[in-house]
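First the structure, in the form of structure tokens, and then the observations on it.
The values are calculated or read from the model by the stated rules, or taken from the named source; none is laboratory data. Here the structure is a predicted model, which is why all the values come from computation and not from measurement. Virtual Cβ from ideal backbone geometry, glycine too; neighbours counted across all protein chains shown. Only protein heavy atoms, including side chains, enter the accessible area calculation; ligands, DNA and RNA are left aside. Shrake-Rupley method; radii C 1.70, N 1.55, O 1.52, S 1.80 Å.
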Amino acid sequence: MKIARVFPRRTTATPDDEFAFTTPPPKILPDIDEVHISVTFTYDMEKAEQLAEAWYKTGLPVKLGGPAFNEPGGEFVPGHYLKQGYVITSRGCPNRCTHCSVPKREGYILRELPIKDGFNILDDNLLACSEKHIREVFEMLKRQAEKPVFTGGLEARLLQSWHVDLLREVKTKRMYFAYDTPDDYEPLVQAGKLLRDGGFTKASNTAKCYILIGYPGDTVEKAEKRLRDAWKAGFFPFAMLYRDGKGKVQQDWKQFQRLWVRPQIIYQMLKERNNA
């Protein structure tokens, strides 16, 4: 079956084949049998519904789905809803983080999936998987032409020395951790030490840290401290802006975030503070 996949917005992970769209149907349709509207974020629901209405007019069967519908993910098919090279080897997470919908969506369980080839790992919490599964994932990564990137994130609290050995053996290009609340900091510091002991220098910028900013109760002062503390712990900070269910953000937070996603600006700010 030939399926057109339609997305409300294009990101770096959006498929780019001839059956992937972010628009209403073109005047000349390719030979397709069905249309899937895939929605990741709840604030894209309105646009997704508009796209669905436009595609219904083609007379083709149209289905809406995706994480925004709180549907548990199925088996992973490379290149289907994510660009080739992106891969998911497990779904779910055992944690219950306040700002994360993953555990509820996945039924509060962690599922290990059949491992498909890819180099950009998007698992919700890879390090929460069994040792057997994790080692099999790294064996798969050794076969790839591209150096691996762990965009989905690695949980600092779960990082162990044997994980670091595997990360080094596959010549990891980038790995991301997270620091959102005060309780996350000590595990981040310990993870930084493990990485440095394992040969990952701070100067290499291999280890990065997602830091959620602008959520209810957060302040610019608190957010900036988390960003600078992540650097002290050995990670390059990367600000992630909180959005409410409608996708709205406060303008002052948006301006603040812009400063903390551009490497050259971040380096300069951190350098100035260190020299102060």
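Would you check the accessible area of Ser101, probe 1.4 Å, heavy atoms only, in square angstrom rounded to 10?
The accessible area comes out at roughly 60 Å².
Let's test this: bin the Cα-Cα distances of segment 1-127 at 5 Å from zero up to the farthest pair and state each bin's percent.
Going out from 0 Å in 5 Å bins, segment 1-127 shows 2, 10, 19, 21, 20, 14, 8, 4, 1, 0 percent.
Which value in Å is the Kirkwood Rh of segment 69-127 over different Cα pairs? Show your work: numbers first, answer last.
On the way: mean 1/r = 0.0840 Å⁻¹.
Evaluated on segment 69-127, it is 11.9 Å.
Using alpha carbons only, how many degrees (0 to 90, rounded to 10) separate the axis of helix 131-142 from the longest principal axis of the chain?
Its long axis makes an angle of about 80 degrees.
Once Lys and Arg get +1 and Asp and Glu get -1 on their Cβ, which of Ile88, Val62, Leu194 lies farthest toward the positive end of the dipole of the chain?
It is Leu194.
Which cross-chain or sequence-distant (5 or more) residues have an amide H under 5 Å from the amide H of Gly66, H modelled 1.01 Å from N in plane?
Hits under the 5 Å cutoff: Val39, Glu71.
Which sequence of Leu194, Leu241 reflects their accessible areas, 1.4 Å probe, from the largest down? All intermediate terms of the calculation are to be shown ahead of the outcome.
Working: Leu194 55, Leu241 35 Å².
Sorted descending by solvent-accessible area, the residues read Leu194, Leu241.
In the chain, once you exclude exposed GluC sites (Glu not before Pro) (DSSP loop, at most 16 other Cβ within 10 angstrom), what's the longest stretch remaining?
Values: sites that count: Glu18, Glu75, Glu146.
Segment 147-276 is the longest.
Placing +1 at every Lys and Arg Cβ and -1 at every Asp and Glu Cβ, with all other atoms neutral, what dipole size does the chain have around its Cα centre, in debye to the nearest 20? Walk me through the numbers before you get to the answer.
Values: 42 positive and 36 negative charges, 171 e Å.
In debye, rounded to 20, the chain gives about 820.
Volume per residue, Å³, of the convex hull around the alpha-carbon atoms of the chain?
Numbers: hull volume 39.9 nm³, N = 276.
Taking the convex hull of the Cα positions in the chain, it is 145 Å³ per residue.
Run the numbers on the chain and let me know its relative contact order in percent, using alpha-carbon pairs under 8 Å that are six or more apart.
Numbers: 473 pairs, mean separation 30.1, N = 276.
Here the relative contact order equals 11 percent.
Can you tell me what share of the DSSP beta bridges in the chain is antiparallel? A percent to the nearest 5 is fine. Please report the intermediate quantities before stating the final value.
Numbers: 2 of 27 bridges.
Around 5 percent antiparallel, to the nearest 5.
Taking 7 Å along the Cα-to-C-beta vector as the label spot, tell me the Arg143-Val220 distance in nanometres, rounded to one decimal.
My value for the distance between the label points is 5.1 nm.
Rolling a 1.4 angstrom probe over the protein chains, ignoring ligands and nucleic acids, what is the accessible area of Cys129 in square angstrom, nearest 10?
Accessible surface of Cys129 is approximately 10 Å².
When the convex hull of the C-alpha atoms of segment 177-276 is computed, what volume per residue in Å³ does it have? The partial results should precede the final answer.
Numbers: hull volume 10.5 nm³, N = 100.
Measuring per residue, one finds 105 Å³ for the Cα hull of segment 177-276.
Only loop residues by DSSP count here, and only those with at most 13 other Cβ atoms within 10 Å; note down the trypsin sites (Lys or Arg not before Pro) in segment 34-89 that meet that. It would help to have the intermediate numbers written out before the result.
Values: sites: Lys47, Lys57, Lys63, Lys83; in loops: Lys57, Lys83.
Within segment 34-89, the qualifying trypsin sites (Lys or Arg not before Pro) (loop, at most 13 other Cβ atoms within 10 Å) are Lys57.
Compute the Rg to Rh ratio over segment 88-168 from the alpha carbon atoms, using the Kirkwood formula for Rh, and round to two decimal places.
0.95
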